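K.L.:
Take this structure, written in structure tokens, and hold onto it; I'll ask about it next.
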Amino acid sequence: MDFNSYALHGGSTLEIESLIEDVGFNLLRLAVIRLPSDVKEALQKAYEAETSEAGRVNLKAILTNIEFAEKLNTPICQDTGTIIFYVKAGGKAQGLDKVEAALREATKRATTEVPLRPNAVDPFTRKNSGDNTGRFIPYINWDITDGDSVEITALPKGGGSENVCALGMITPGEGVKGLKKFVLDAVIRAGAKPCPPNILGVAVGGGADIAMKTAKKALLRPLNQSNPNPELARLEKELYEAANSTGIGPMGLGGKFTVLGVNVEYAHRHPASYPVAVAFQCWAARRATAWINADRTVEYLTHEVR
Ligand code: SF4
């Protein structure tokens, strides 16, 4: 089926729950089939600048894979991830009580129609739900904001990169030096496992939970946007260069590009705590965002939907 069949422009006459479900479905479909342009550009630039033969071969294979997925309307990777949504809801938006149920339905539908690999397994019985839903899955992160529109982002998160995410409670005395060491150690330990070149979401501060949630959310920032704080932008560059000096390279087979970017965020911390979280994202850095306006028009922000 063509993307155009799903494009929703102009005021919709759908019930709000059906509209949110359609948008959630579209976002999952867009995310798993087409990478956002900033990621594609970063991969292309890495290919052009890579000097290792193995690195170039792997980046070329990744770029060809991306091209075929778009042509054939098929997911870019067999692992279509654990389904995570970020919802920024205007306090005056309609239908907020319907969002969770609608996104759950969207996930089930996408599993059958895109299709997505069923990736939701009960940790105790090992039973796969078969439709990518389960307890807390799809996971929905909420932000309540001003206004009457709703922004929804889908982030299907691959298992290989998830498995090497790292959380450390370093001592406050170690400070930024300790943070840098922790991040670099995590990259070296991860090696080829997270399907490099990766994007790193790094967060410091808060508590253990806040740091990891913030690190993962940092993956939503496009690669061509540095942190607006110049000191944090410098830290991002330093971590990027340090990670790329490891020589792990594309798919772990050696080369200059172990990471495509590093996004750093922070939260205030307890004086006695210094949590550092590193969320790894693989080269298949899938995300898609749309706005549902109060008049029920829909705008897709990360992808062109003709
Ligand atoms: S880590 Fe990413 S690229 Fe690797 S298999 Fe999983 S989803 Fe695919």
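The values are calculated or read from the model by the stated rules, or taken from the named source; none is laboratory data. The structure displayed is predicted, hence computed values, not measured ones. Note that we place each Cβ from the backbone using ideal geometry, even for glycine, and neighbour counts take in every protein chain shown. Note: areas computed on protein heavy atoms with side chains; ligands, DNA, RNA excluded. Shrake-Rupley method; radii C 1.70, N 1.55, O 1.52, S 1.80 Å.
K.L.:
By residue number, which cysteines of the chain lack any other Cys whose Cβ falls under 4.7 Å from their Cβ?
P.N.:
77, 165
K.L.:
Report the full-extension gain for the segment residue 57 to residue 241: residue separation times 0.36 nm, less the Cα-Cα distance, to one decimal in nm.
P.N.:
64.1 nm
K.L.:
How long is the gain from residue 299 to residue 142 if the chain were fully straight, where each residue apart is worth 0.36 nm and the alpha carbon distance is subtracted?
P.N.:
That works out to 54.6 nm of additional length.
K.L.:
Return one number: the angle in degrees, 0 to 90 and rounded to the nearest 10, between the long axis of the Cα atoms of helix 53-72 and the longest principal axis of the Cα atoms of the chain.
P.N.:
0
K.L.:
Put a dot 7 Å past each Cα toward the Cβ at residue 272 and residue 135; how far apart are the dots in nm?
P.N.:
For the pair residue 135/residue 272, the computed spacing is 3.1 nm.
K.L.:
Over 30 Å between C-alpha atoms is what I'm after, so list which of 88/256; 217/237; 40/108; 108/216; 216/256; 45/193 land there.
P.N.:
Violating the 30 Å Cα-Cα cut-off are 88/256.
K.L.:
On average, how much accessible surface per residue is there in segment 174-306, in Å², for a 1.4 Å probe, leaving out ligands, DNA and RNA?
P.N.:
Solvent-accessible surface per residue comes out at 44 Å².
K.L.:
Working from the alpha-carbon coordinates of segment 234-306, get Rg over Rh, Rh being the Kirkwood radius.
P.N.:
1.14
K.L.:
Next up: Work out the FRET efficiency for residue 68 and residue 225 from their Cβ-Cβ distance, taking R0 = 25 Å, and round it to the nearest 0.05.
P.N.:
0.30
K.L.:
Okay, next question. Which far-off residues, 5 or more places away or on another chain, put their amide H under 5 Å from the one on residue 264, with H placed in the peptide plane?
P.N.:
Result for residue 264 returns 202, 227.
K.L.:
Whole angstrom only: what separates the Cα centroid of segment 23-50 from the Cα centroid of segment 162-222?
P.N.:
What the calculation gives is 22 Å, centre to centre.
K.L.:
What is the projected area of the convex hull of the Cα atoms of segment 160-281, averaged over all directions, in nm²?
P.N.:
Average of the hull's projected areas for segment 160-281 equals 6.5 nm².
K.L.:
Quick one: compute a quarter of the convex hull surface over the Cα atoms of segment 117-201 and quote it in nm².
P.N.:
Here the figure is 9.2 nm², rounded to one decimal.
K.L.:
Here is a follow-up. Under a plain spin-label model, where a point goes 7 Å from the Cα along Cα-to-Cβ, how far apart in nm are residue 185 and residue 209?
P.N.:
2.6
K.L.:
Calculate what fraction, in whole %, of the accessible area of the chain sits on carbon and sulfur atoms when a 1.4 Å probe is rolled over the protein chains.
P.N.:
Of the solvent-accessible surface of the chain, carbon and sulfur hold 54 percent.
K.L.:
Report, in debye and to the nearest 20, how large the dipole of the chain comes out about its Cα centre when Lys and Arg carry +1 and Asp and Glu carry -1 on their Cβ.
P.N.:
Dipole about the Cα centre, nearest 20: 840 debye.
K.L.:
Return the sequence-ordered ³J(HN,Hα) values of segment 203-215 in whole Hz as given by the Karplus equation 6.51 cos²θ - 1.76 cosθ + 1.60 applied to θ = phi - 60°, using x for Gly and Pro.
P.N.:
Result, rounded to whole Hz: 9, 10, x, x, x, 4, 5, 5, 4, 5, 5, 5, 4.
K.L.:
While we're here: Specify which residue in the list 227, 245, 268 is farthest towards the positive end of the charge dipole of the chain, using unit charges on the beta carbon of Lys, Arg (+1) and Asp, Glu (-1), about the Cα centre.
P.N.:
After comparing all options, I get 245.
K.L.:
Along Cα→Cβ, 7 Å out, is where each label goes; now give me the distance between the ones at residue 193 and residue 78 in nm to one decimal.
P.N.:
Label-label distance for residue 193 and residue 78, simple model: 2.0 nm.
K.L.:
Report the full-extension gain for the segment residue 18 to residue 125: residue separation times 0.36 nm, less the Cα-Cα distance, to one decimal in nm.
P.N.:
Once the chain is fully extended between residue 18 and residue 125, it gains 35.2 nm.
K.L.:
Compute the acute angle (0 to 90°) between the alpha-carbon long axis of helix 99-113 and the principal axis of greatest extent of the alpha-carbon atoms of the chain; round to the nearest 10°.
P.N.:
The angle comes out at about 80 degrees.
K.L.:
Percentage of Cα-Cα pair distances in the chain greater than 26 Å, rounded to whole percent?
P.N.:
Tail fraction, whole percent: 47.
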